[in-house]
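Step one of this worksheet: look at the structure below.
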Amino acid sequence: QYLLSDEPRDARDVIAVRENAQDEAPVVVVGRIGGSRDPWVEGRAAFSIVDLSLKACSDIEGDQCKTPWDYCCQTDLLPKSTVLVKVVDESGSLVETDSRVLLAVDELDTVVVSGTAERDDSGNLTVLAGKIFVRP
(Lines give C-alpha, C1' and ligand atoms only; values in the text may rest on other atoms or scores of the structure.)
Protein backbone atom coordinates (compact mmCIF):
# COMPACT_ATOMS: atom_id res chain seq x y z
CA GLN A 1 0.00 0.00 0.00
CA TYR A 2 3.02 2.29 0.34
CA LEU A 3 4.65 1.45 -2.99
CA LEU A 4 3.93 3.42 -6.15
CA SER A 5 3.92 1.76 -9.56
CA ASP A 6 4.72 5.04 -11.34
CA GLU A 7 7.47 7.47 -10.43
CA PRO A 8 6.23 10.81 -9.08
CA ARG A 9 7.10 13.86 -11.15
CA ASP A 10 9.20 16.78 -10.03
CA ALA A 11 11.36 14.89 -7.53
CA ARG A 12 14.11 17.05 -6.09
CA ASP A 13 17.54 15.99 -4.87
CA VAL A 14 18.18 15.46 -1.17
CA ILE A 15 20.47 18.51 -0.92
CA ALA A 16 17.84 20.82 -2.45
CA VAL A 17 15.07 19.48 -0.23
CA ARG A 18 17.26 19.79 2.89
CA GLU A 19 18.03 23.42 2.04
CA ASN A 20 14.56 24.56 0.98
CA ALA A 21 11.77 22.42 2.43
CA GLN A 22 9.58 24.15 4.99
CA ASP A 23 8.21 22.27 7.98
CA GLU A 24 4.96 20.44 7.14
CA ALA A 25 5.30 21.18 3.41
CA PRO A 26 4.72 18.45 0.82
CA VAL A 27 7.95 17.17 -0.75
CA VAL A 28 9.06 14.69 -3.39
CA VAL A 29 12.69 13.69 -2.95
CA VAL A 30 14.98 11.23 -4.73
CA GLY A 31 18.01 9.53 -3.23
CA ARG A 32 19.87 6.27 -2.66
CA ILE A 33 19.46 4.25 0.51
CA GLY A 34 22.62 4.58 2.57
CA GLY A 35 24.70 7.13 4.39
CA SER A 36 25.98 4.88 7.16
CA ARG A 37 27.07 1.31 7.74
CA ASP A 38 23.47 0.57 8.85
CA PRO A 39 20.99 3.00 7.22
CA TRP A 40 17.96 1.16 8.65
CA VAL A 41 15.86 1.62 11.76
CA GLU A 42 15.56 -2.02 12.83
CA GLY A 43 11.99 -3.30 12.82
CA ARG A 44 10.54 0.00 11.60
CA ALA A 45 9.84 1.51 8.20
CA ALA A 46 12.58 4.12 8.40
CA PHE A 47 15.90 4.57 6.62
CA SER A 48 18.27 7.24 5.38
CA ILE A 49 18.80 8.32 1.79
CA VAL A 50 21.73 10.14 0.21
CA ASP A 51 21.84 12.72 -2.57
CA LEU A 52 22.51 11.20 -5.99
CA SER A 53 25.48 13.53 -6.54
CA LEU A 54 27.55 11.60 -3.98
CA LYS A 55 29.43 8.50 -5.04
CA ALA A 56 29.05 5.30 -3.10
CA CYS A 57 32.31 3.40 -2.77
CA SER A 58 31.01 0.87 -5.33
CA ASP A 59 30.82 3.72 -7.87
CA ILE A 60 34.57 4.31 -7.58
CA GLU A 61 36.58 2.08 -9.89
CA GLY A 62 38.82 -0.30 -8.00
CA ASP A 63 37.34 0.46 -4.58
CA GLN A 64 36.97 -2.71 -2.54
CA CYS A 65 34.84 -1.34 0.31
CA LYS A 66 32.66 -4.06 1.85
CA THR A 67 29.92 -1.54 2.81
CA PRO A 68 29.79 0.86 -0.16
CA TRP A 69 26.46 2.31 1.00
CA ASP A 70 28.19 4.04 3.92
CA TYR A 71 29.76 6.54 1.48
CA CYS A 72 32.97 6.45 3.56
CA CYS A 73 34.87 8.12 0.72
CA GLN A 74 32.63 11.19 1.02
CA THR A 75 31.91 11.26 4.75
CA ASP A 76 32.52 15.02 4.96
CA LEU A 77 29.63 15.66 2.54
CA LEU A 78 27.08 13.40 4.26
CA PRO A 79 25.70 15.81 6.89
CA LYS A 80 24.21 18.08 4.20
CA SER A 81 23.42 15.28 1.75
CA THR A 82 21.37 12.84 3.81
CA VAL A 83 17.78 12.77 4.98
CA LEU A 84 15.84 10.37 7.19
CA VAL A 85 12.71 8.81 5.66
CA LYS A 86 9.94 7.49 7.90
CA VAL A 87 7.06 5.62 6.26
CA VAL A 88 3.89 6.62 8.08
CA ASP A 89 0.33 5.31 8.01
CA GLU A 90 -2.84 7.36 7.46
CA SER A 91 -2.78 8.54 11.09
CA GLY A 92 0.83 9.72 10.80
CA SER A 93 2.29 6.90 12.89
CA LEU A 94 5.54 5.21 11.92
CA VAL A 95 4.85 1.84 10.28
CA GLU A 96 6.14 -0.95 12.52
CA THR A 97 7.44 -3.18 9.75
CA ASP A 98 11.07 -3.21 8.68
CA SER A 99 11.57 -1.22 5.45
CA ARG A 100 13.42 -4.09 3.81
CA VAL A 101 10.33 -6.28 4.24
CA LEU A 102 7.64 -3.64 3.69
CA LEU A 103 9.16 -2.13 0.54
CA ALA A 104 11.51 -4.91 -0.66
CA VAL A 105 14.43 -2.47 -0.75
CA ASP A 106 18.13 -2.80 -0.06
CA GLU A 107 21.17 -0.60 0.43
CA LEU A 108 21.94 1.63 -2.59
CA ASP A 109 18.47 1.27 -4.11
CA THR A 110 17.27 4.55 -5.58
CA VAL A 111 13.91 5.64 -4.22
CA VAL A 112 11.56 8.53 -4.92
CA VAL A 113 9.75 9.50 -1.74
CA SER A 114 6.50 11.45 -1.65
CA GLY A 115 5.63 12.87 1.75
CA THR A 116 5.75 15.76 4.16
CA ALA A 117 8.79 17.61 5.49
CA GLU A 118 9.30 17.59 9.24
CA ARG A 119 11.93 19.83 10.79
CA ASP A 120 13.09 19.52 14.39
CA ASP A 121 14.20 22.43 16.58
CA SER A 122 17.74 22.15 15.18
CA GLY A 123 16.53 22.30 11.59
CA ASN A 124 17.20 18.64 10.84
CA LEU A 125 14.91 17.23 8.17
CA THR A 126 12.86 14.04 8.19
CA VAL A 127 10.48 13.11 5.38
CA LEU A 128 7.25 11.51 6.57
CA ALA A 129 6.55 9.31 3.58
CA GLY A 130 3.13 8.22 2.44
CA LYS A 131 4.27 6.70 -0.85
CA ILE A 132 7.56 5.44 -2.27
CA PHE A 133 8.66 4.51 -5.76
CA VAL A 134 11.64 2.18 -6.11
CA ARG A 135 13.57 2.75 -9.33
CA PRO A 136 14.34 -0.47 -11.19
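Worth a mention:
- Most positive-pole-ward Cα, Gln22, Leu77, Pro8, against dipole of the range 1-80 from beta carbon charges: Leu77
- Mean projected area in nm² (Cα convex hull; one quarter of hull surface) for the chain: 8.2
- For Tyr71, net neighbour charge (Lys/Arg +1, Asp/Glu -1) across residues whose Cβ lies under 14 Å away: -2
- Alpha carbon convex hull of the range 1-76, projected area averaged over orientations, nm²: 6.9
- Relative contact order of the range 61-136, pairs being alpha-carbon contacts under 8 Å that are 6 or more residues apart, as %: 31
- With θ taken as phi - 60° and the Karplus curve 6.51 cos²θ - 1.76 cosθ + 1.60 applied, the whole-hertz 3J(HN,Hα) list for the range 3-18 is 8, 9, 8, 10, 6, x, 7, 6, 5, 10, 5, 3, 4, 5, 5, 4 Hz, x standing for glycine and proline.
- Near the amide H of Thr97, within less than 5 Å, lie the amide hydrogens of Ala45, all on another chain or at least 5 residues away, with H placed in the peptide plane.
- Rounded percent of accessible protein surface that carbon and sulfur make up, the range 93-136, 1.4 Å probe: 43
- The alpha-carbon of Lys55 sits under 18 angstrom from the alpha-carbons of these lysines, leaving out residues fewer than 8 places away in its chain: Lys66, Lys80.
- Per residue, in Å², the accessible surface of the range 1-135 once ligands and nucleic acids are set aside, probe 1.4 Å: 54
- Partner lysines whose Cα lies under 21 Å from the Cα of Lys131, excluding those fewer than 8 positions away in the same chain, are identified as Lys86.
The values are calculated or read from the model by the stated rules, or taken from the named source; none is laboratory data. Small disclaimer: the values here were computed from a predicted structure and weren't measured. As a convention, Cβ positions derive from the backbone with ideal geometry for all residues, glycine included, and neighbour counts pool all protein chains shown. We work out accessible area using only protein heavy atoms, side chains counted, and drop any ligands, DNA or RNA first. Shrake-Rupley method; radii C 1.70, N 1.55, O 1.52, S 1.80 Å.
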